[in-house]
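Any read-out appearing in this document is the output of simple, stated calculations on the displayed coordinates, not a laboratory observation. For clarity, every value in this text was computed on a predicted model and none was experimentally measured. Counting neighbours? That spans all protein chains shown, and the Cβs are built from the backbone with ideal geometry, glycine included.
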């Protein structure tokens, strides 16, 4: 199945900067048939990335130097997805693991202060004690879907999962952060995946959750806004701090405009979000 993804981003750079861009599909997401990255300054002069750095889980980071003025980034890719991974349930306690990935995915992080919500989580999900990690995570994701209102502009870049819980609304990253935080508070390793999401409306970069099972990292979308089998992984990490599409490593740059697109060949599949699904 062929998928077309990409974005157009415009920054106002107020002082010489170095940006770390995570906008290219991860190497695990499929075979890239065609790819184009065009970066220009305000005069239309081409800017060449200083390096492409390999990140965890197949992620790709482009380091972009920027002089003062306008910086435009245009990325387009066509990729052919491999067969969607098949979920095969493992042992009952499938999320218990001493692996480094599991340990990292249980730690509290910048936007997911799971230590602050242990009491709330164990009280709210008391009847889930003894369930498998997959079942617990599904309960949590469904709870977040039902309790939060999807409201663009309702949250800020510094809001944590605690702010989202108190405010009762947010966007995809807020849904993901709250789900991850509650899962970790309940002992389930969880992390965030930034993705291109064909079928998403309004279209943008999307954030989903992965939880550890014996069959791999099961993907959950607590917003239920796009079919999970069509998702294209970009970056993976503890939370949005690790997976941001743009990070200013030095200098100062402000995002002025953005356009994201993602489409899939043929009709998009239906998604029963109660069923397990893996993300390539």
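Computed across region 100-243, the Kirkwood hydrodynamic radius from all distinct Cα-Cα pairs reaches 14.7 Å.
Rounded to the nearest 10 degrees, the inclination of helix 172-185 to the longest alpha-carbon principal axis of the chain is 40 degrees. Relative to the longest principal axis of the C-alpha atoms of the chain, give the angle of the C-alpha long axis of helix 133-147, reported between 0 and 90° and rounded to the nearest 10°. Value to nearest ten degrees: 70.
Counting beta carbons within 10 Å around each of 123, 40 and listing the fewest first gives the order 123, 40.
The alpha carbons of the chain give a radius of gyration and a Dmax of 18.8, 61 Å, in that order.
Taking the fewest neighbouring Cβ atoms within 10 Å as the starting point, the ordered list for 210, 124 is 124, 210. Taking other Cβ atoms within 10 Å as a rough exposure proxy, 258, 29 sort from fewest to most as 258, 29.
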